[in-house]
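**Student:** One structure, as structure tokens, below. Some questions next.
The values are calculated or read from the model by the stated rules, or taken from the named source; none is laboratory data. The model shown is predicted, which means the values in this text are computed figures rather than measured ones. So basically every Cβ, Gly included, is an ideal-geometry build from the backbone, and we count neighbours across all protein chains shown. Each accessible area value is taken on the protein alone, full model and side chains, heavy atoms only, with ligands, DNA and RNA left out. Shrake-Rupley method; radii C 1.70, N 1.55, O 1.52, S 1.80 Å.
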Amino acid sequence: MTQTSATPLSGRVAVISGASSGIGEATAEQLSGQGATVVLLARREDRLAGLAARIEKDGGTAVAIAVDVTDAAAVQAAADRVAAELGGADLLFNNAGVMLPAPIEELATGQWQHQIDLNVTGLMNTVGAFVPQLVEAGTERGVADLVNTSSIAAQNIFPNFAVYSATKAYVTHLSRHLRAELGPKNVRVSAIEPGIVGTELQSHVTDPGAREWLEGSKETMKWLAPQDVAATIGFLAALPPHVNLQQVTIMPTGQLS
Ligand code: NDP
């Protein structure tokens with residue numbers, strides 16, 4: 001595909017983790033619409049296959065790879081396949097994550113570990129597998145992108161969301177450091193920090209108090225849609241190579257904090 005103003009990402013290869021639903025799914029469609037070849041990572045093979053079929057029907061190119069990002073060897077195998085079949089990635093949307101709030105005194109240690117394993121270790125496994133490809137693309141073609149999904153929880157205080165918020169503070173702080181390290185190699189690094197977005201994320205919440213708070217918030221504001229966040233990722237990826245949006249906070253207009 002020739003690059004035009006409507007397809008500023010043509011020729012680029014974008015890997016999206018957490019592509020089977022929510023923000024990742026919408027971003028895969030967005031980046032494909034802007035001309036990128038997209039690689040879809042998540043565990044649910046059927047969902048990835050359906051998304052890939054939709055993208056191909058719309059004239060895009062999508063490769064679906066079912067992978068659990070907490071398995072470092074499996075993520076590396078996915079990266080090796082991207083290198084072999086597509087010549088490597090030049091955009092990584094590192095987005096898979098889970099939010100499981102609960103009062104700390106409930107000692108929901110399984111949920112603590114799940115969030116740390118996915119939001120921190122899974123994110124790092126994906127960084128480890130794909131950063132060499134991003135650096136190669138930055139060096140050879142002058143631009144590559146690493147976009148990590150953080151949250152406003154990285155900055156703000158939400159009682160009962162301590163572990164989730166701490167994993168997202170990790171993501172934001174890591175992103176700032178990686179930007180300083182990789183920017184000189186033409187790899188832009190961004191942390192995207194959304195407020196509430198209507199996705200499957202809320203459906204995994206088991207704590208009754210948090211569920212009630214989330215449900216109640218729908219009465220006071222219009223939540224963001226995954227497409228709102230996806231459009232922001234599309235915007236930052238299409239900026240000229242010397243422009244790096246380091247940190248983007250995107251809120252529902254009616255959400256206070
Ligand atoms: P979803 O639950 O819709 O998406 C989560 C994605 O992560 C799914 O595609 C899921 O796919 C994937 N995933 C979960 N576990 C694994 C795993 N072990 N290996 C690979 N993929 C996995 O939620 P969102 O789209 O909302 O979440 C995306 C990101 O946005 C998360 O990091 C979340 O913390 C962040 N965020 C969300 C906000 C919101 O209000 N929705 C606000 C701020 C940040 P599968 O189950 O098929 O593996």
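**Student:** For residues that are buried (at least 16 other Cβ atoms within 10 Å of the Cβ) and either of a type in the set (Lys, Arg) or closer than 18 Å to Leu31 by Cβ (or both), tally how many sit in segment 214-223.
**Tutor:** Residues flagged as buried (at least 16 other Cβ atoms within 10 Å of the Cβ) and either of a type in the set (Lys, Arg) or closer than 18 Å to Leu31 by Cβ (or both) within segment 214-223 amount to 0.
**Student:** Does Leu92 qualify as being in a strand (DSSP E or B) and of a type outside the set (Phe, Trp, Tyr)?
**Tutor:** Answer is yes for this residue.
**Student:** Also, I was wondering about something else. For Leu146, which of the numbered conditions (1) assigned to a loop (DSSP other than H, G, I, E, B); (2) under 24 Å from Ser32 (Cβ atoms) fails to hold?
**Tutor:** Of everything listed in (1) assigned to a loop (DSSP other than H, G, I, E, B); (2) under 24 Å from Ser32 (Cβ atoms), Leu146 misses just condition (1).
**Student:** Please verify whether Ile23 is surrounded by 24 or more Cβ atoms within 10 Å (Cβ to Cβ) and in contact with a Phe, Trp or Tyr (Cβ under 8 Å, 6 or more places away or on another chain), treating the condition exactly as stated.
**Tutor:** The answer is no for Ile23.
**Student:** Please verify whether segment 129-142 includes one or more residues that are closer than 25 Å to Val248 by Cα, at pLDDT 95 or above and part of a loop (DSSP other than H, G, I, E, B).
**Tutor:** Yes: segment 129-142 contains one or more residues that are closer than 25 Å to Val248 by Cα, at pLDDT 95 or above and part of a loop (DSSP other than H, G, I, E, B).
**Student:** Which condition does Gly35 not pass, out of (1) at positive phi; (2) within 15 Å of the chain's Cα centre (by Cα); (3) more than 10 Å from the ligand (Cβ to nearest atom), if it passes all the others?
**Tutor:** (2)
**Student:** Please verify whether segment 132-144 includes one or more residues that are under 18 Å from Ser20 (Cβ atoms) and either open to solvent by 70 Å² or more (accessible area, probe 1.4 Å) or within 16 Å of the ligand (Cβ to nearest atom) (or both).
**Tutor:** No, the conditions are met nowhere in segment 132-144.
**Student:** Limited to segment 232-244, what total is found for residues that are under 15 Å from the mean Cα position of the chain (by Cα) and either part of a loop (DSSP other than H, G, I, E, B) or surrounded by 15 or more Cβ atoms within 10 Å (Cβ to Cβ) (or both)?
**Tutor:** Summing the residues that are under 15 Å from the mean Cα position of the chain (by Cα) and either part of a loop (DSSP other than H, G, I, E, B) or surrounded by 15 or more Cβ atoms within 10 Å (Cβ to Cβ) (or both) in segment 232-244 gives 5.
**Student:** Exactly one of (1) within 13 Å of the ligand (Cβ to nearest atom); (2) over 15 Å from the mean Cα position of the chain (by Cα) is unmet by Leu178. Its number?
**Tutor:** Against the list (1) within 13 Å of the ligand (Cβ to nearest atom); (2) over 15 Å from the mean Cα position of the chain (by Cα), Leu178 comes up short only on (1).
**Student:** Of all residues being outside any helix (DSSP H, G or I) and more than 15 Å from the ligand (Cβ to nearest atom) in segment 98-118, which is farthest from Gly198 (Cα to Cα)? Just the residue, please.
**Tutor:** Within segment 98-118, the match that is farthest from Gly198 (Cα to Cα) is Leu107.
**Student:** Hey, among the residues in segment 1-20 that are open to solvent by 30 Å² or more (accessible area, probe 1.4 Å) and touching a helix residue (DSSP H, G or I) at 6+ places or on another chain (Cβ under 9 Å), which one's farthest from Val75 (Cα to Cα)?
**Tutor:** The selected residue is Ala6.
**Student:** Pairs under 8 Å by beta carbon, first residue part of a helix (DSSP H, G or I) in segment 63-87, partner open to solvent by 60 Å² or more (accessible area, probe 1.4 Å), six or more apart or different chains?
**Tutor:** Note: pairs meeting the criteria are Ala74/Asp68.
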